[in-house]
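Step one of this worksheet: look at the structure below.
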Amino acid sequence: TSPCPELRELRQDLDAVFDDTPLARQLFYASTVMHVSERAEPILASGRDVVVDRYLLTTLAYAEVRGPSLRLRELQAELRVPDVTVFLDCADEVRAARMNGRGLTTDDDRRSLEASRLLRAVYRRLLHEPSLVGVCLTIDASGSAGEVLERTLLHLRPDPGRNPPARPSVAGRA
């Protein structure tokens, strides 16, 4: 996950500190993506898969919606490009209900829901950049967790009638 679990407790404090400086905030989140990318490399080198929740795609999309943002081309050139990005898409009402059900209703979460239409448009544009997302799978995430998982696995499993999908090494969720 980006940011990593070790930073989770500090995240709200850092978000508050960077609230009025969107570029500094974006650079903080970009640094957490670099951290995840560097930590993934030895795992991948050992032959194991890595699945990442919230990678560069999310950092760029949220930064663009929040105001002035940097494209971070230099950072992007240093990061491992995901083999597969799984974009879980659902209606705003479903997103809001899930966030409320998990108790995730911080000011940042509320702003995210308020900007949902714009955020979705930014994601959809960025999802067409293979150098950013690798192979993109957009999954209807409106069902139960089990249904969404099954839909996702259906797209990732090799099918004898088609070419197998790219072996996922880093997958992000939006």
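The values are calculated or read from the model by the stated rules, or taken from the named source; none is laboratory data. Just so it is clear, the structure is predicted and the values come from calculations on it, not from any experiment. Cβ sites come from the backbone with ideal geometry, for glycine too, and all protein chains shown count toward neighbours. Calculation scope for accessible area: heavy atoms of the full protein, side chains included, ligands and nucleic acids excluded. Shrake-Rupley method; radii C 1.70, N 1.55, O 1.52, S 1.80 Å.
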query: Which trypsin sites (Lys or Arg not before Pro) in the stretch 22-121 pass both tests, a DSSP loop state and at most 13 other beta-carbon atoms within 10 Å?
result: 48, 71, 102
task: State the Cα centre-to-centre distance between the stretch 57-84 and the stretch 1-23 in whole Å.
output: 16 Å
query: If you take the C-alpha gyration tensor of the stretch 3-57, multiply each eigenvalue by 5 and take the square root, what semi-axes do you get, largest first, in whole Å?
result: 26, 11, 8
- request: Pop out the carbon and sulfur fraction of the accessible area of the chain as a percent, whole number, probe 1.4 Å.
  value: 57 percent
message: Please compute the Kirkwood hydrodynamic radius over the chain, one decimal place, Å, based on all pairs of different Cα atoms.
response: 17.1 Å
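Largest first, what is the accessible-area ranking of 15, 107, 20 with a 1.4 Å probe?
Result, largest first: 20, 107, 15.
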query: Just the accessible area per residue of the chain, please: how many Å² with a 1.4 Å probe?
result: 57 Å²
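Report the extension gain between residue 46 and residue 110 in nm, rounded to one decimal, defined as 0.36 nm multiplied by the number of residues separating them, less their alpha carbon distance.
So the extension gain works out to 19.0 nm.
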field: Contact order relative to length of the chain, as percent, for alpha carbon pairs under 8 angstrom and 6 or more apart
entry: 33 percent
- request: Compute the semi-axes of the equivalent ellipsoid of the stretch 45-112, taking the square root of 5 times each eigenvalue of the Cα gyration tensor, and list them largest first in whole Å.
  value: 26, 19, 10
query: Once phi is turned into θ = phi - 60°, what whole-Hz ³J(HN,Hα) does the Karplus curve with 6.51, -1.76 and 1.60 give for every residue of the stretch 73-89, x standing for Gly and Pro?
result: 4, 5, 5, 4, 5, 8, 7, 6, 7, x, 6, 9, 10, 9, 9, 8, 10
- prompt: With each pseudo-label sitting 7 Å past Cα toward Cβ, what's the residue 88-residue 13 distance in nm, one decimal?
  reply: 2.9 nm
statement: Counting only protein heavy atoms and leaving out ligands, DNA and RNA, the solvent-accessible surface of residue 119 at a 1.4 Å probe, in Å² to the nearest 10, equals 10 Å²
task: Go through the stretch 112-125 residue by residue and turn each phi into a ³J(HN,Hα) via Karplus (6.51, -1.76, 1.60, θ = phi - 60°); whole Hz please, and just put x for glycine and proline.
output: 4, 5, 5, 9, 4, 5, 5, 4, 4, 5, 5, 4, 4, 5
field: Per-residue ³J(HN,Hα) for the stretch 142-151, Karplus 6.51 cos²θ - 1.76 cosθ + 1.60, θ = phi - 60°, Hz, x for Gly and Pro
entry: 7, x, 6, 4, x, 5, 5, 4, 4, 4
